[in-house]
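The values are calculated or read from the model by the stated rules, or taken from the named source; none is laboratory data. It should be emphasised that the depicted structure is a prediction, and the values quoted were computed from it without experimental measurement. Neighbour counts run over all protein chains shown; Cβ positions are idealised from the backbone, glycine included.
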Amino acid sequence: MKEILSNYIPERAVDPTFQLIAAYNIHLKIVNERKTRHGDYREINGAPQITVNANLNPYRFLITLIHEIAHFLAFKKYGRYIKPHGKEWKYTFQQLMLPFINPSIFPSRLLPLIATHFKNPKASSDTDARLSVALKEFDPQNNKNYIFEIPTGSTFRIYNGKVFRKGKKRIKRYECVEISSGKVYIFQPNAEVELVKV
């Protein structure tokens, strides 16, 4: 398992992560990319199983894996009736991440953003636009843009092939109109899209 982990997370994070997985007998599955989530936790026949997408960069993979382990430990400690991303999960996630938030694991330029994020962790690191954009720097190059980068009125395509026109910003997110239906959808500023026409 350590050898496998070393292919996906920073080297200095391998031992402590392996110890967590082994201590709780967690079954870790590394799976093909899913567009709607980076990872998930569930119980299979009473045993904890965590899946994480194989395509994540090492820093996002580590954050995602610890996020899912926090779900398991929060449910184990506080019971099944807590909110999935409520205060119990947030506290558990913060405590699990503390040993990892250091320059031997994360690049120095990420540390302030990670520290800020973990003061009140969100349901997904993607909803923290500043952290998400910073983490993307470590992804392989692709032809995608963020919504906030493209001009208002331009046309873009999302992962499922649907095409939208970018509209105005509402506080933090953007109103975008689906071309085929005319329906208005709200997009996070750091949603990755493919620019079709400016």
Check Arg165 against each of (1) closer than 24 Å to Arg34 by Cα; (2) surrounded by 15 or more Cβ atoms within 10 Å (Cβ to Cβ); (3) charged (D, E, K, R) and name the one condition it does not meet. (1)
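Among the residues of the stretch 6-35, write down those that are in contact with a strand residue (DSSP E or B) (Cβ under 8 Å, 6 or more places away or on another chain) and farther than 24 Å from Ala74 by Cα.
Tyr8, Asn32, Glu33, Arg34 - these are the residues of the stretch 6-35 that are in contact with a strand residue (DSSP E or B) (Cβ under 8 Å, 6 or more places away or on another chain) and farther than 24 Å from Ala74 by Cα.
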Give me a count of the residues in the stretch 117-157 that are in a helix (DSSP H, G or I), out of contact with any Leu (no Cβ under 6 Å at 6 or more places or on another chain) and modelled with pLDDT under 85. 3
Looking at this structure, is Val31 of a type in the set (Val, Ile, Thr), touching a residue at least 12 places away in the same chain (Cβ under 8 Å) and either over 24 Å from Thr127 (Cβ atoms) or crowded, with 21+ Cβ neighbours inside 10 Å (or both)? no
Being within 22 Å of the chain's Cα centre (by Cα), touching a residue at least 24 places away in the same chain (Cβ under 8 Å) and either assigned by TED's automatic domain parsing to the domain that holds Asp126 or in a strand (DSSP E or B) (or both) is the filter here, so list the residues in the stretch 158-183 that pass it. Tyr174
